[in-house]
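Visitor: Please find one structure pasted underneath; my questions will follow.
The values are calculated or read from the model by the stated rules, or taken from the named source; none is laboratory data. Everything numeric in this text was worked out from a predicted model, so none of it was measured. All Cβ positions, glycine included, derive from the backbone under ideal geometry; neighbour counts span all protein chains shown.
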Amino acid sequence: MTEPKSTLLIVDDEPVIRQHLRQILQNKYNLSFATSGAMALEAAETIKPDLILLDIMMPEMDGYETCAKLKANPAASSIPVIFISILTETDEKINAFKSGAVDYVCKPFQSDEVIARIDTHLKLYNLQRHLENRVEEEVNKRRLEEQMLIQQSKMAAMGEMIGAIAHQWKQPLNTLGLVMQDVADAFNAGELDAGYLKEFTAQGMGLINLMAATVDDFQSFLRPSKQIDIFNVTETFYEVVKLFSNLLKSVAIEVQINTPQTRRIYTTGYRNELKQVILNLINNSRDAIISARRKGVDIDYGVIAVDIEAAAEKVVISISDNGGGIDNKVIDKLFDAYVSTKGEGGMGIGLYMSKAIIEGKMNGKIAASNIEGGAQFTIELPLSTP
Ligand SMILES: Nc1ncnc2c1ncn2[C@@H]1O[C@H](COP(=O)(O)OP(=O)(O)O)[C@@H](O)[C@H]1O
Ligand SMILES: [Mg+2]
């Protein structure tokens, strides 16, 4: 397959020149012609030529003005313009380049030279277009990957949430089952009176309200923060831990929050996003403790210790556990996307998202290290005064 011919727009008010250029160029290129600056501006948009040959001296709109207008039009600005003129003064050439031309050929011209210059600029232009397309493709790809990551991390958080709700509901659901069964027994025993009914309704409604409240708690958790807020860091940790502490207790893990100074430590940023980070870190510690136990490490009680301190304009939070620490294989790329040692059990986006939130959105820092018996994550956030 031969390459498709490039299209040139030739702009000149003199028929003789147009005719001459046609003779030189018609075998190699598709040619379009314009006889004035105004026509050229229109043709540049409708024909979308690959290159424009533009006469300088034309009545009404001259070549410089035409070129400047082409460069100001986003639909035509990238098309290379070569000036053709009988003028050979250096000043004229400088003006030509100033108005946005890429080259300059003088009449009367040598056909070989004109063709060589046209071909050079067509090549450059094609290369530039190719590069721009590649960059755009790459940017789009990245954006898509980023959106997928966000989506996946939301799904993961949703899964955690459903797990916690299911756990929270187990007991009231069981109780509700018993209450229901008791109605039949009471009926058979002839005990189904007004007093019984009242008690039955109160008990049932109590359990149902409890379950509804659980859903409400979790529902607000996943909503992204609409705006930047000043909020209490310690309270935020307590809120997350409260939602998940039952579930953690069921696998013999306890979260301890220590605030040696005061509970009134504030930062500025996105509160619900920070909650997601906290949940990610707690879940990772939980996974590490559970997996260490599976490998036979005797961890009687899993402990996730959270320390929150205010230091020189910073809130410093450390979250450490006794889950055996971070695998050396991943410790250098822990915060990269899709890094996980959990096989099917992990997607490897928790820490990636956590870093994106803390460092990309909250002006903070997050780091990880191994300590005696486990891992330690440190978060720094800007300290605020409410
Ligand atoms: N507290 C921790 N203790 C030990 N290893 C950890 C801890 N937190 C994270 N890791 C390691 O970092 C990896 C990446 O974590 P993360 O990005 O949350 O992805 P995932 O939990 O899906 O694997 C984990 O697979 C694990 O190997
Ligand atoms: Mg994780």
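Visitor: Check whether at least one residue in segment 274-291 is more than 26 Å from Val233 (Cβ to Cβ), of a type in the set (Gly, Ala, Ser) and assigned by TED's automatic domain parsing to the domain that holds Gln256, and report yes or no.
Guide: Checked against the condition, which is being more than 26 Å from Val233 (Cβ to Cβ), of a type in the set (Gly, Ala, Ser) and assigned by TED's automatic domain parsing to the domain that holds Gln256, segment 274-291 yields at least one hit.
Visitor: May I pose another question? Which one of these does Ala367 not meet: (1) in a strand (DSSP E or B); (2) within 8 Å of ligand 1 (Cβ to nearest atom)?
Guide: Condition (2) is where Ala367 drops out.
Yes/no matrix, rows are residues, columns are (1) closer than 17 Å to Ala156 by Cα; (2) small (Gly, Ala, Ser):
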position: Leu247; (1), (2): yes, no
position: Val251; (1), (2): no, no
position: Asn280; (1), (2): yes, no
position: Ser285; (1), (2): yes, yes
position: Ile319; (1), (2): no, no
position: Tyr338; (1), (2): yes, no
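Visitor: Given the criteria part of a helix (DSSP H, G or I), within 16 Å of ligand 2 (Cβ to nearest atom) and not aromatic (Phe, Trp, Tyr), does Leu243 qualify?
Guide: On the way: part of a helix (DSSP H, G or I): yes; within 16 Å of ligand 2 (Cβ to nearest atom): no; not aromatic (Phe, Trp, Tyr): yes.
When the stated conditions are applied, Leu243 does not pass them.
Visitor: Could you say whether any residue in segment 323-334 is surrounded by 19 or more Cβ atoms within 10 Å (Cβ to Cβ), more than 11 Å from ligand 1 (Cβ to nearest atom) and either among the aromatic types (Phe, Trp, Tyr) or at pLDDT 95 or above (or both)?
Guide: no
Visitor: Any residue in segment 339-352 that's in the same structural domain as Lys329 (by TED's automatic domain parsing): show its pairings with residues that are within 6 Å of ligand 1 (Cβ to nearest atom) and polar (S, T, N, Q) at Cβ separation under 6 Å, as long as the two are six or more apart or on different chains.
Guide: Final answer for the pair search is Gly346/Ser340; Gly348/Ser340; Gly350/Asn280.
Visitor: Looking only at residues in segment 263-279 that are polar (S, T, N, Q) and at pLDDT below 95, which one is nearest to ligand 1 (Cβ to nearest atom)?
Guide: Across segment 263-279, the extreme among qualifying residues is Gln276.
Visitor: Being within 7 Å of ligand 1 (Cβ to nearest atom), assigned to a strand (DSSP E or B), touching a strand residue (DSSP E or B) at 6+ places or on another chain (Cβ under 9 Å) and among the aliphatic types (A, V, I, L, M) narrows it down to one residue among Ala305, Ala310, Ala375; which is it? Break it down into steps so the answer makes sense when it comes.
Guide: Values: Ala305 fails: within 7 Å of ligand 1 (Cβ to nearest atom); Ala310 fails: within 7 Å of ligand 1 (Cβ to nearest atom).
Every option except Ala375 fails the conditions.
Visitor: With respect to Leu54, determine if the residue is touching a helix residue (DSSP H, G or I) at 6+ places or on another chain (Cβ under 9 Å), of a type in the set (A, V, I, L, M), in a strand (DSSP E or B) and under 19 Å from Leu8 (Cα atoms).
Guide: It is true that Leu54 is touching a helix residue (DSSP H, G or I) at 6+ places or on another chain (Cβ under 9 Å), of a type in the set (A, V, I, L, M), in a strand (DSSP E or B) and under 19 Å from Leu8 (Cα atoms).
Visitor: Can you tell me which residue is nearest to Leu122 (Cα to Cα) among those in segment 27-42 that are touching a helix residue (DSSP H, G or I) at 6+ places or on another chain (Cβ under 7 Å) and free of Cβ contacts under 8 Å to residues at least 40 places away in the same chain?
Guide: Residue satisfying both the conditions and the ranking: Leu31.
Visitor: Here's a follow-up. Quick test for you: out of Ser318, Ser354, pick the one residue that is under 29 Å from the mean Cα position of the chain (by Cα), among the polar types (S, T, N, Q) and within 14 Å of ligand 2 (Cβ to nearest atom).
Guide: Criteria check complete, one pass: Ser354.
Visitor: Right, another one. If you go through segment 104-124 one residue at a time, do you hit one that is without any contact (Cβ under 8 Å) to a residue 24 or more places away in the chain, in contact with a His (Cβ under 7 Å, 6 or more places away or on another chain) and assigned by TED's automatic domain parsing to the domain that holds Arg18?
Guide: Among the residues of segment 104-124, not one is without any contact (Cβ under 8 Å) to a residue 24 or more places away in the chain, in contact with a His (Cβ under 7 Å, 6 or more places away or on another chain) and assigned by TED's automatic domain parsing to the domain that holds Arg18, which makes the answer no.
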